[in-house]
Amino acid sequence: MRMEEAVGTAILGMDTLWGGDAMCASGTGRFIADSWFGDEPLPEAYTLAEAAAVRASGGVSAKTPDRAAIDAYLAKVDIPGAIEALKGRGEYLAGLALCFETMWDLAMEILGRGARVPYDRCVLASCAQAPEASDPREKRDRVAALLDASGDLPAAGRPSGADGFDPAAGGGSDRPFRRADGGERDAAFAGGVANGAAGEYRISADSGRLVFGIDELPGTEAAAGREPGIRGHL
């Protein structure tokens, strides 16, 4: 199998198995394959009628996978063989092979044809590091130090809100937006553009802080009595 064929079959085969569609015009049906372009024709892993049937059923991502459609597809497309062909062709393709092997085993687990895939293995395959507990304290301290250095740290000290924002600025859709650099641009923005926008979009602004309270984005006016469905939180 040529390298190009192996790559195309491995990527689009795995994509199809999980119900993705790389050629979905809107992009909403895409999974791991974002697009296909260049001089290589689409491989059979995508063009076969059996592939279309798996895509239409949602693959192994479906609530109830169509096992007959999946079996018919896998009888025509050798996804494990394509994955194996990626190995020994450099670190990048070896990394893809590692990810695809994990995704293959996850698919087999869903179909009841393989052992349970440990969470640790999935994390290692995706980012080459074992999972670990998150500890944001160091990053919070770093942010506080930067705000303090810029003079934007609240007088009471480090922001005490649950989401890291100054509670005095309000809750809900009222979130402070600070810029720690470009003092001249800050002044121009606060004095000109922001104040102009304040009258049109209900944005309050002063020279030290911009607080956006946008309830509805421009262009989302209700049509035919329908409530607008977009809200902005900055």
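The values are calculated or read from the model by the stated rules, or taken from the named source; none is laboratory data. Values in this document were obtained by computation on a predicted structure and should not be read as measured data. Quick reminder, even Gly has a Cβ in these numbers, built from the backbone with ideal geometry, and neighbours come from all protein chains shown.
Count, please, the residues in the range 22-57 that happen to be assigned to a loop (DSSP other than H, G, I, E, B), under 25 Å from the mean Cα position of the chain (by Cα) and modelled with pLDDT of 95 or more.
0
Within the range 1-31, work out how many residues are touching a Phe, Trp or Tyr at 6+ places or on another chain (Cβ under 9 Å), closer than 18 Å to Asp78 by Cα and among the aliphatic types (A, V, I, L, M).
Within the range 1-31, residues that are touching a Phe, Trp or Tyr at 6+ places or on another chain (Cβ under 9 Å), closer than 18 Å to Asp78 by Cα and among the aliphatic types (A, V, I, L, M) number 5.
Looking for something under 24 Å from Val7 (Cα atoms), in the same structural domain as Gly8 (by TED's automatic domain parsing) and among the aromatic types (Phe, Trp, Tyr) - is there at least one such residue anywhere in the range 110-124?
The answer is no; no qualifying residue exists.
Looking at the range 68-90 only, could you name the residues that are among the acidic types (Asp, Glu), assigned to a helix (DSSP H, G or I) and closer than 23 Å to Arg55 by Cβ? Talk me through it step by step, then tell me what you get.
The first filter runs over the range 68-90 and keeps only residues among the acidic types (Asp, Glu), leaving 71, 78, 84.
So of that shortlist, the ones also assigned to a helix (DSSP H, G or I) come out as 71, 84.
Hit for the range 68-90 is Asp71, nothing else.
Find the residue count for the range 2-28, including only residues that are touching a Gly at 6+ places or on another chain (Cβ under 7 Å) and either more than 18 Å from Ala69 (Cα to Cα) or outside the structural domain of Ser57 (by TED's automatic domain parsing) (or both).
0
Taking the stated definitions as given, is Asp148 modelled with pLDDT under 90, over 30 Å from Gly81 (Cα atoms) and outside any helix (DSSP H, G or I)? Step through it out loud before you land on a result.
Values: modelled with pLDDT under 90: yes; over 30 Å from Gly81 (Cα atoms): yes; outside any helix (DSSP H, G or I): no.
No.
Quick check on Ala68: is it crowded, with 16+ Cβ neighbours inside 10 Å and either in contact (Cβ under 8 Å) with a residue 60 or more places away in the chain or out of contact with any Lys or Arg (no Cβ under 7 Å at 6 or more places or on another chain) (or both)?
Working: crowded, with 16+ Cβ neighbours inside 10 Å: no; either in contact (Cβ under 8 Å) with a residue 60 or more places away in the chain or out of contact with any Lys or Arg (no Cβ under 7 Å at 6 or more places or on another chain) (or both): yes.
No; evaluated as a whole, the condition is false for this residue.
What about Val60, is it aliphatic (A, V, I, L, M) and under 25 Å from the mean Cα position of the chain (by Cα)?
Details: aliphatic (A, V, I, L, M): yes; under 25 Å from the mean Cα position of the chain (by Cα): yes.
In short, yes.
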